[in-house]
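**Student:** Starting off with a structure, shown below.
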Amino acid sequence: MKSLKLFLVILLAVGLMSCGKKTEAPKTSDADTKTETKKDYTPQIQLYKLSGVEKSTGSKIAPNFSWDENGKKASLTDLKGKVVFVNFWATWCGPCKKEMPDLSEISKELKDKNFKMLGMNVFQQEGTPKVDDFLRLNPLSYAVIDGNDELVKAFGDASGNDMQAIPVSFIINKEGKIVETIVGSKKKDEFLNLINKYL
């Protein structure tokens, strides 16, 4: 019995010694607990429906196409005088998704240099993410047009590339001519080297 009492006294003493100092959590102000929001960029989906496609008027001449943009008709011919980068992609395409952050950066960096980037969502497959759902999760800094097979064929005929695989990008110079056909994914600096030749 004595040994049990002695054991309990030792246990109690050890317990009191190991508790240590009570530390208080650092005080935070209301400003610290608020989540910081970026004021310079709010993701906004720029998704437009293709409204028309015309055939190319000659070899390497970009086919004109039009879309409805916020209630107004817009077209490729409206962009004459600018270098236009047209990127064909799909929501299920891994290499397409990989290059999108670089394309967004390029679009932002060149926005004041007579440059326009357009994404063309094509080859939608059943069971794959819808383009609007995809863009909500992966916002881009450039406009995306929900394309179709007619647009793919028109660009294929004009460029001589039948687009059997994506991504495929086209650089259209200020006069409306296809000057570069880029098959496959590239890195930002590779894209910029090509684009800067025509700015």
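**Student:** Which whole-Hz couplings ³J(HN,Hα) result when phi for each residue of the range 139-145 is put into the Karplus expression 6.51 cos²θ - 1.76 cosθ + 1.60, θ = phi - 60°, listed in order with x for Gly and Pro?
**Tutor:** Rounded to whole hertz, the list is x, 10, 8, 10, 6, 10, 10.
**Student:** For Val183 and Ile45 in the same chain, what is the full-extension length gain: residue separation times 0.36 nm, less their Cα-Cα distance, in nm? Walk me through the numbers before you get to the answer.
**Tutor:** Working: separation 138, 0.36 × 138 = 49.68 nm, distance 2.59 nm.
Fully extending the segment from Val183 to Ile45 adds 47.1 nm.
**Student:** Under 5 Å between amide H atoms, partner at least 5 residues away or on a different chain: which partners does Ser51 have, H built in plane at 1.01 Å?
**Tutor:** Here Ser66, Trp67, Asp68 satisfy the definition.
**Student:** Follow-up. Could you give the length gained on full extension between Glu54 and Lys153, defined as 0.36 nm per residue of separation minus the Cα-Cα distance, in nm?
**Tutor:** Length gained, Glu54 through Lys153: 34.6 nm.
**Student:** With the convex hull built on the Cα atoms of the range 47-196, state its orientation-averaged projected area in nm².
**Tutor:** For the Cα atoms of the range 47-196, the hull's average projected area reads 8.2 nm².
**Student:** What does the extension gain come out to for Asp132 and Glu69, with contour length at 0.36 nm per residue minus their alpha carbon separation?
**Tutor:** 21.2 nm is the gain from fully extending Asp132 to Glu69.
**Student:** A follow-up question, please. Go through the range 187-195 residue by residue and turn each phi into a ³J(HN,Hα) via Karplus (6.51, -1.76, 1.60, θ = phi - 60°); whole Hz please, and just put x for glycine and proline.
**Tutor:** Karplus-based 3J(HN,Hα) across the range 187-195 equals 8, 3, 5, 5, 4, 4, 4, 6, 4 Hz.
Coordinate-derived values only; no laboratory data. These figures come from a predicted structure and were not determined experimentally.
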